[in-house]
Amino acid sequence: MQYRRLAEAYARIESTSGLLEKTEVFSSLLREAEPAEVSPVIALTMGKLHPDWMGAPEIGVAEKMAIQVVATAASVAETIVREKLRRTGDIGAAAEELLSQAAQGTLSEEETTVSFVYGTLDAASKASGQGSGKEKIAKLVGLVSSTTPLEAKYILRTVTGDLRLGMGDMIIVDSLAAAYVGDKSASEEIERAFNVCSDLAYVADLLARRGIEAVRSVKTEVGTPIRMMAAKKLSSSSEILERLHHKALVEFKYDGERVQIHKNGNQIVLFSRRQERITDQYPDVVELVRKSVRANRCVIEGECVAIDLTTGKMRPFQELMRRRRKTDIDTMKDSVPVALFFFDILYLEDKDVTELPMLERRSLLEKVVKTSDRVSLTNGELIDDPDRLDEFFKGALDRGVEGIIAKAIHKESSYQAGSRSWLWVKMKPSYQGLSDALDLVVVGAIYGRGKRTGVYGAILASVYDPDSDTYPTACKIGTGFTEEMLTEFKQRLEKHVVERRHPKVLADIKADVWFDPQVVIEVIGDQITGSPTHPAGRGRIRIGGLAVRFPRFTGRWRDDKAPTQATTVDDLVDMFESQRGR
């Protein structure tokens, strides 16, 4: 397949707002591709040459380097590229326009296939050492110079991290189902395989080469992270039990970092919620697992919590996150020691156990884990009475944990990888009207005045919309900041500053500074209200958009969460409708 065909499909997808139309265009493209080409097509469309968990280099080109590439390929001064970029706000559009005007000769247009583009970008990403920047620029210039202006537009967008197609992972999943099964009936099976192996390009390759039966055969494997199951939120104990068939396993919800642990003999790998390898940050956790987990091969999940070894009390989440930001691991593991609380098992010896009911998995976990002063299972209890659930919740808060999580125990209470379902429901302290805190993505800031001169006076924050892969704003936070918080905001966000609003950010408010949507913070508020100025939820409710009323930053930076794992538009709509008793 010529890359030009992919670029033409991208242009059609970008020009339509309907999700069904986007799916139809992309599924038609997939039908044209050779089976061997489907994996690179999916990888390029997702903007990831390799899954995060592999730890392989990604292309990741900064705006400054992209300007150099366009200037060289179009034979113009960098100042001209910057001016075009300032006017269009899109390096891809700037490249298309300048290359259309340039009298460039194509070097080897017939070789510009999808596989060639993928291979060139992969090779450029692996450039390292002295002179690697020049090598990367040379490869990209060679690639861009051998393509049409339209192709160059999407190559530049790909390498700078935003294709601007307005379609999330599920549209790709639906397109694969439509292309290779005939309709979207197989979407659930494709999504399940993706959730289990965390590599959609691999699943697409299996589907294209060997059909849906091969996709159904994808199972949990030690060493490959499973996309973590998440919980819904409720604030009423009676409603929680009603949702969970009137009886549940209720556990403490600890204020730590969730880890997925893969053990294969003496080899132990830790994955974060973001599917990053964090083994090196927690050598003490590796030793705890080695001593306490009696299985030879297994995948288990738990909460890693900072503790005070003298008092035995748990320390705040932010102290634990210091370990993720430091390079002196040996010092940090001594100054911020941890304890492990296991709560689930997904694989044991040679068997995937995710389909087993919750209590059966808990029983297996009890047999596998040897408890100690720093390793145990989560504190849990079977509860069928709302009053007892309230007592358990109060006891959990008295013990210093952040809340509880109630889990279904009926025969269909499997571990649903990658889903946020009503099989797990969490409850935290009420925040003056909101039943739980929100995890929002920082997308912009307004400069401070008076005492706040030199720092940000207010922060613009968004939820995530997985359908369109965008970040519509939900609040502007301007109160409750300490001087230390304001200083930390400036320090943390500086490296994410972009010259103009990121194309994935949807905002009606004008910010003084815009950020790449990467940083997630915890926010509380009084309630969710209708809003004429924030686009979150617009088109899903009749009153316009939704916003958090009287939002405040809790001081908690969610370094453990990717922006795509933030509170979603659907979560916000659910909270709004719950407030109205619907």
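No value in this document is a laboratory result; all are computed from the given coordinates. Given the structure is predicted, the values throughout are model-derived calculations rather than measurements. Positions of Cβ are generated from backbone atoms using ideal geometry, with glycine treated the same way; all protein chains shown enter the neighbour counts.
Some points to look at:
- With both labels modelled 7 Å from their Cα along Cα-to-Cβ, the residue 50 to residue 183 distance reads 4.0 nm.
- Here r is the Cβ-Cβ distance between residue 11 and residue 310 and R0 is 60 Å; the resulting FRET efficiency, rounded to 0.05, is 0.45.
- The smallest convex shape that holds all Cα atoms of the chain, its convex hull, gives 166 Å³ per residue.
- C-alpha long axis of helix 483-493 to longest principal axis of the chain, angle in °: 40
- By the beta-carbon count within 10 Å of each Cβ, the least crowded to most crowded order of 482, 88, fewest first, is 482, 88.
- About the Cα centre, charge dipole magnitude for the chain (Lys/Arg +1, Asp/Glu -1 at Cβ), debye: 1120
- In plain terms, the chain from residue 318 to residue 20 could stretch by 103.1 nm, reckoned as 0.36 nm per residue minus the Cα-Cα distance.
- For the chain, the 222 nm mean residue ellipticity estimated from helices alone, with every DSSP H stretch of n ≥ 4 adding -39500 (n - 2.57) and the total spread over all residues, rounds to -12000 deg cm²/dmol.
- Look at the dipole of the stretch 458-526 built from charges on Cβ: of 475, 520, 507, the Cα furthest out on the positive end belongs to 507.
- In a DSSP loop and with at most 16 other Cβ atoms within 10 Å, the GluC sites (Glu not before Pro) in the stretch 386-479 are 412.
- Label-to-label distance, nm, for residues given as residue 102 and residue 482 (7 Å Cα→Cβ offset): 5.2
- Relative to the longest principal axis of the Cα atoms of the chain, the long axis of helix 19-32 makes an angle of roughly 60 degrees.
- Pairwise FRET efficiency - residue 422 versus residue 366, Cβ, R0 = 35 Å, nearest 0.05: 0.90
- Across the stretch 374-388, coupling constants 3J(HN,Hα) worked out from phi with the 6.51/-1.76/1.60 Karplus curve, θ = phi - 60°, read 10, 9, 7, 7, 4, 5, x, 8, 7, 9, 10, 10, x, 5, 5 Hz, and Gly and Pro carry x.
- Residue order, fewest to most surrounding Cβ atoms within 10 angstrom, among 197, 304: 197, 304
- Calculated FRET efficiency, residue 564 to residue 75, Cβ-Cβ distance, R0 = 35 Å: about 0.35 to the nearest 0.05.
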